[in-house]
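The values are calculated or read from the model by the stated rules, or taken from the named source; none is laboratory data. Just so we're clear, the structure is a prediction, and the values are computed from it rather than from any experiment. As a convention, Cβ positions derive from the backbone with ideal geometry for all residues, glycine included, and neighbour counts pool all protein chains shown.
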Amino acid sequence: MIAYIVRRLLSMLPVMAIVALFVFLLLHLAPGDPAAIIAGENATPANIAQIRKALGLDEPLWKQFLVWVGSLLQGDLGRSIFWGDPVTILIAQRAQPTASLALTTLSVAVTVAIALGVTAAARPGTLLDRSVMGFAVMGFSVPVFVVGYVLIFVFAIQLKWLPVQGYTPIAEGVGPWLRNLTLPSIALGMAYVALIARITRATMLDVLAEDYMRTARAKGVAPRPMLLKHALKNAAVPIVTVIGIGVALLIGGVVITETVFNIPGIGRLVVDAIARRDYPIIQGVIIVFSGIYVLVNLVVDLSYTVLDPRIRY
Amino acid sequence: MTRITRRTALQTGLAAGAVLAAPSVVRAQARPSPAKTVRAVFHGDIPTYDPIWTTANMAAYHGGMVYDTLFGIDGKQDPQPQMVGKWGVSDDKLTYTFELRDGLKWHDGTAVTTADVIPSLKRWAARDGGGQHMMQRVKDISAKDEKTFSIVLKERYGLVLDVLAKTSTSVCFIMRKKEAETDPMQKVTEVVGSGPFTLNLQETKPGTQYVYDRNPNYVPRSEPPSGIAGGKKVNLDRVIFINMPDAQTAVAALQAGEIDFYEVPPTDLLPQLEGDKNVKIEVLNPLGNVGYIRPNFLHPPFDNVKARQALLYLVNQADHMKASFGNSKYARTTPSLFGMGTPMENAANTDWFKGGQNFEKAKQLFKEAGYDGRPVVLMQATNIAIMSNASQLLAQELRKAGVNVKLEAMDWSNVVQRRSSKAAPDAGGWNIFITWGGGTATGNPILLAAHSASGDSAWFGWPKDAKHEEMRNKWAVAATAEERKAIAREIQDNAWNFVPMLYYGQWVQPAAMRTNIKNLLPVPEIIPWWHVEKT
């Protein structure tokens, strides 16, 4: 097992190297000039050229890449072109809101989705099943920002139950923290619920059709323990796989959700950085998100050994 | 064994509650009252704390909070002393002498002296177009003592006070000697001003929120506030600039009372806000913005004056304004080179405008220009609605005149990069781009970089016209307002012949705020938070 983990961790290195190369090239070959944005609308071409030089943006691309990779190898993600602050510090400052949003979304979405998927699988073809699947299709089809605006209109503007935007750190109380995260978590969780509910239903239906389930029914096992104890456990591997894969969906959704609900997280950091072409921030965030994604999938793979004793590494 | 009575349990509970609540209580006591705190959302984020290093307006908004200026433009667009107490000019109009007023202190408690002012002026002039224009005529800036300094000119220059007082970026903010001696190409990172607010770095989160607290040591002038001149008396304890990029969210937050002020509500959401009894709409910058269509003088067809003149007959400003603002009361047309409502507005050489759109005339002019049907690259900033709409409409107008338009969609960051290219349009260059500028700046032939027609060193598009430059310089040294107006008419008369750029309209941006926000001063380019009350 330990050898497997070490192997997987080592395999991360070429993956991250490829990500780094692609991110750098994509950003620097794409049009856009941070110096022109810094200089402002009334700046002359000479002013912009001076700023470009001061920021080192007039250096050849290969040189800029080597400098960045050299820093990266030392764990330094560089400094923001605009603020001059280290990117690692900027990401760390914004990590709590994003982690909170991801955590609440994941908790709510997994709980709701598995409940819906199991319920639908228990009564296939019924109105309940069709409703759950209809909801799943809708949840997957409607963009996060549309769900967000509708939730804001209904629950913040009309009913005044929850705030429109913002984030309260957990240190200021769990209540205020949850109040700010409720609407964003629902908006972000919709697609996730849809994805997990659909895979839960499909896998559960397969498992419920297995011989050993028929045997369990014949032996008189009650429906609820049969569903939750026998079927769900055997259906867990594909569900956990989808939850892991869905982290990419979650990361993409965080970027939009944080913008719609004005949450000062890493998603907002990267959106603002893209608009300004603040290359070090964009590169740093993508590298960090890529690392998280790879690690989450490693954890998912390791969880198979717990969920299915037949799997061993 | 000690018996736990109900009273003991109650006391213990209260004590535990008090201990647990203590951090919140301390926090609450340390924070200014919400009744005197304004939460405001503006058009963007502050890109840097150095308002000299960048011409971005948000940096000037920040500068207006923490720094002060020697002079300030009043409500009538006239310069008035601000940090300066007494001042005078010699009979030959070549020596300006200024004395700093009493009570000026930096946020660190030290006194503001001429040792701070002079390097501040020099650093600002190294970066600002208006400052550079003035410095070309300055022989010497020197201190007489800690409070008195003088600017000695090589030749008469009528804009000294105007340039020092202007609100268009870069504003001449005065910094401490330490920051003012920073290389003008490097940004200042420490924020210690002498203005009416201080930046609270503990509560500020760059990119998210910027917290400004009232400067208790600020001594305002005794005159009533007007423009950015007069007494900057602060009635609020705190102003928080919140970076909220999503307009829909900002409007909802305003309606829900989570923010107090929103600078740029989209036009299509104004009816929603106008129907809310807790929200009011005010125009804070009556001169607003002027939309520019900028042709590239370096490449065909707009290297030919006839092709540029053809543009005048193509563009229907009313249609352009309707495309972005509907039948809004906030938009209008502008035949004057200096924008409407500005002191230099005039009607010289505007027959092309009075005659209306004339495609036949435009076609004829393109023909006379020798236009050969080559693609004309028009850069469309798709992420800025007004520019995007104007680009699409202009493309259609050009097509109607027989021009082969290549509308290239990109985001604004891409436009600002590509517009600096002097390459041919089919080799990464361009023919036309669309932008806008402040009405106040547009009304000034010197302070707006886009008004320069100095060729290679001019603003993007690189217009060249010797007569235009000669008259701009003449305008700068004019002694009286009437003389300036007369020269402005000549400048415009000439400009609409060689067409350095043209306009697609002028509009004001109404700001939305909660009804309990009172006394916001209408100032172009900057939003002052002194004098404001939250009732």
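Before moving on, here are some points about what is shown:
- Any chance B:VAL188 is farther than 29 Å from B:GLN77 by Cα and assigned to a strand (DSSP E or B): no
- Complete set of residues in the stretch B:108-122 that are under 9 Å from B:ARG176 (Cβ atoms) and touching a strand residue (DSSP E or B) at 6+ places or on another chain (Cβ under 7 Å): B:VAL112, B:ASP116, B:SER120
- Of all residues in the stretch A:40-62, exactly one satisfies the criterion of being at the interface with chain B (Cβ under 8 Å from one of its Cβ atoms) and within 35 Å of the chain's Cα centre (by Cα), namely A:GLY40.
- Unique residue being aromatic (Phe, Trp, Tyr), assigned to a loop (DSSP other than H, G, I, E, B) and more than 27 Å from B:GLY429 (Cβ to Cβ) when the list is B:PHE297, B:PHE302, B:PHE338: B:PHE338
- For the stretch B:440-457, a tally of residues being at pLDDT below 90 and in a loop (DSSP other than H, G, I, E, B) returns 3.
- Failed item in (1) loosely packed, with under 15 Cβ neighbours inside 10 Å; (2) within 14 Å of another protein chain (Cβ to nearest Cβ), with B:ASP372 passing the rest: (2)
- Under the condition of being over 23 Å from the mean Cα position of the chain (by Cα) and either more than 22 Å from B:PHE71 (Cα to Cα) or not aromatic (Phe, Trp, Tyr) (or both), the residues counted in the stretch B:215-234 number 9.
- Residue among A:THR98, A:THR111, A:THR119, A:THR88 that alone is within 28 Å of B:LYS205 (Cβ to Cβ) and either outside any helix (DSSP H, G or I) or more than 14 Å from chain B (Cβ to nearest Cβ) (or both): A:THR88
- Pairs, first assigned by TED's automatic domain parsing to the domain that holds B:THR435 and small (Gly, Ala, Ser) in the stretch B:390-403, second in a helix (DSSP H, G or I) and surrounded by fewer than 16 Cβ atoms within 10 Å (Cβ to Cβ), C-beta under 9 Å, six or more apart: B:ALA401/B:PHE359; B:ALA401/B:GLU360; B:GLY402/B:PHE359; B:GLY402/B:LYS367
- Among residues of the stretch A:149-178, those that are modelled with pLDDT of 95 or more and basic (Lys, Arg), counted: 0
- If the condition is being of a type in the set (Asp, Glu) and part of a strand (DSSP E or B), then the stretch B:378-422 contributes only B:GLU408.
- Considering only residues in the stretch B:428-439 that are outside any loop (DSSP other than H, G, I, E, B) and within 14 Å of chain A (Cβ to nearest Cβ), the one that is surrounded by the most Cβ atoms within 10 Å (Cβ to Cβ) turns out to be B:GLY439.
- Residue selected from the stretch B:55-80 under the condition within 14 Å of chain A (Cβ to nearest Cβ) and of a type in the set (A, V, I, L, M, F, W, C), by the criterion surrounded by the fewest Cβ atoms within 10 Å (Cβ to Cβ): B:MET58
- Subset of the stretch B:463-485 (residues that are buried (at least 16 other Cβ atoms within 10 Å of the Cβ), among the hydrophobic types (A, V, I, L, M, F, W, C) and at pLDDT 95 or above): B:MET471
- Residues of the stretch A:74-84 that are surrounded by 15 or more Cβ atoms within 10 Å (Cβ to Cβ) and either within 14 Å of another protein chain (Cβ to nearest Cβ) or among the basic types (Lys, Arg) (or both): A:ARG79, A:SER80, A:ILE81, A:PHE82, A:TRP83.
- Looking only at the stretch B:234-248, and only at residues there that are part of a loop (DSSP other than H, G, I, E, B) and within 14 Å of chain A (Cβ to nearest Cβ), the one that is surrounded by the most Cβ atoms within 10 Å (Cβ to Cβ): B:MET244
- The helices (runs of 4 or more DSSP H) falling completely within the stretch A:21-76 that include 2 or more residues that are of a type outside the set (S, T, N, Q) and either assigned by TED's automatic domain parsing to the domain that holds A:ALA275 or modelled with pLDDT of 85 or more (or both) map to A:61-73.
- Exactly one residue out of B:ALA362, B:ALA424, B:ALA385 is in the same structural domain as B:ILE487 (by TED's automatic domain parsing), surrounded by fewer than 20 Cβ atoms within 10 Å (Cβ to Cβ), at pLDDT 95 or above and aliphatic (A, V, I, L, M): that is B:ALA424.
- Pairs linking a residue in the stretch A:242-268 that is on the phi > 0 side of the Ramachandran plot to a residue that is buried (at least 20 other Cβ atoms within 10 Å of the Cβ) and part of a helix (DSSP H, G or I), with Cβ atoms under 9 Å and 6 or more positions apart or on different chains, are A:ASN262/A:ARG268; A:ASN262/B:THR249; A:ASN262/B:ALA250; A:ASN262/B:ALA253.
- Here the condition is being at pLDDT 90 or above, surrounded by fewer than 16 Cβ atoms within 10 Å (Cβ to Cβ) and outside the structural domain of A:ARG52 (by TED's automatic domain parsing); of A:THR259, A:THR215, it holds for A:THR215 alone.
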